[in-house]
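So the structure is just underneath, and the comments pick up after that.
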Amino acid sequence: MGGERGFLRRNEYKITCVMFKTKSQKKELAGEIMNEVIKNIQERRSVRSFTDDPVRDEDIATILECAKLAPSAIDGQPWFFTVMRDRALMDEISEMNKKLMLASGDPLMIKMASEPKFDSFCSAKTAIIISSETKAYYGMADCANAAMIITLVATSLGLGSCYIAGYTYVLRKPEGLAQLARLSLPEGYRPILGVCLGYAAERPVPRKPLRSNTSAFIG
């Protein structure tokens, strides 16, 4: 290959090696790809209402492939991904959550569960359940990294997504042991996060203004 260097690039679900010989070519390509990354970050929104159109298996495969590339502490990769398409089980978990939340005595929980369209899975027909090894010290952070990547890849594929964690409420209690068992998780894992996926049924509400005074420079 002489002085040529390669750059892995995804296009239509295939990874190809783009060859370049000069630093300017490398910089130009890197800038193009980086701009797409920034664009996806800026365009990503939480979607809480989805159509009945199924998410393609090819898109799910791409999303999972990228999620497994997420950064993790000491490259521990403490995650397990469950593609949930059993809407009956999702409804069951959601109904149990609603019942427990209404009886919790917590004003915030009661307010959320009292919503007319309460659904722990945002009406989605597909959700990726993200479970962490219980022994992983930074498992929550590692799985959150994977969840963020899932939402960004979904955006790049024209899919809507919503980061969720409330579905785990009943799964952490004795009342939800039967539903937890139906997730068929490996021993030593527990569900902690998730991402709902699908095609948006409505336009997301306008983004709130970004908070100020949330960063600082030292040195």
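Please treat every number below as a calculation from the coordinates, not as lab data. As the structure is a computational prediction, the values presented were derived from the model and not from experiment. Virtual Cβ from ideal backbone geometry, glycine too; neighbours counted across all protein chains shown.
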Estimated distance in nm for a label pair at E202 and E92, the labels positioned 7 Å out from Cα along Cα-to-Cβ: 2.9
Given labels modelled 7 Å from the Cα in the Cβ direction, how far is it in nm from K68 to Y163? 2.4
In sequence order, what are the phi-derived ³J(HN,Hα) couplings for the stretch 62-70 according to the Karplus relation 6.51 cos²θ - 1.76 cosθ + 1.60 with θ = phi - 60°, rounded to whole Hz, with x for glycine and proline? 5, 4, 5, 4, 6, 4, 6, 8, 4
From the phi of every residue in the stretch 120-133, what ³J(HN,Hα) in whole Hz does the Karplus formula 6.51 cos²θ - 1.76 cosθ + 1.60 yield, where θ is phi - 60° and glycine or proline is x? 4, 10, 6, 6, 5, 8, 9, 9, 9, 7, 10, 10, 10, 4
Between their Cα atoms, which of K111/K173; K68/K98; K39/K135 are more than 28 Å away from each other? K68/K98; K39/K135
Plugging the Cβ-Cβ distance of A103 and F217 into 1/(1 + (r/R0)^6) at R0 = 45 Å yields, to the nearest 0.05, a FRET efficiency of 0.40
For a footprinting-style exposure proxy, rank R87, R203, R172 by other Cβ within 10 Å, fewest first. R203, R172, R87
How large is ³J(HN,Hα) for each residue in the stretch 182-194, as worked out from phi by the Karplus curve 6.51 cos²θ - 1.76 cosθ + 1.60 (θ = phi - 60°), to whole Hz, x for Gly and Pro? 6, 7, 6, 7, x, 4, x, 10, 9, x, 10, 9, x
Take R190, project a point 7 Å from its Cα along the Cβ direction, then tell me which residues of the stretch 106-140 have their backbone nitrogen under 19 Å from it. 129-140
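With a/c under 1.5 counting as rounded, go ahead and sort the stretch 41-178 into rounded, prolate or oblate using the C-alpha gyration tensor (a ≥ b ≥ c being the square roots of the eigenvalues; past the cut-off, prolate if a/b is larger than b/c, else oblate). Don't skip to the end; give the middle numbers.
Numbers: a/c = 1.85, a/b = 1.28, b/c = 1.45.
Oblate, since a/c reaches 1.5 and b/c is not below a/b.
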Separation between the Q42 and Y138 pseudo-spin-labels, each 7 Å from Cα along Cα→Cβ, expressed in nm? 3.0
Taking H placed 1.01 Å from N in the peptide plane, check which residues at least 5 places from F50 or on another chain put their amide H under 5 Å from its amide H. A201
Would you mind checking which residues have amide H under 5 Å from A136's amide H? H placed 1.01 Å from N; only 5 or more apart, or other chain. none
Non-local residues with an amide H under 5 Å from the amide H of G194, with H modelled 1.01 Å from N and Pro and chain starts lacking one, are I130, I164
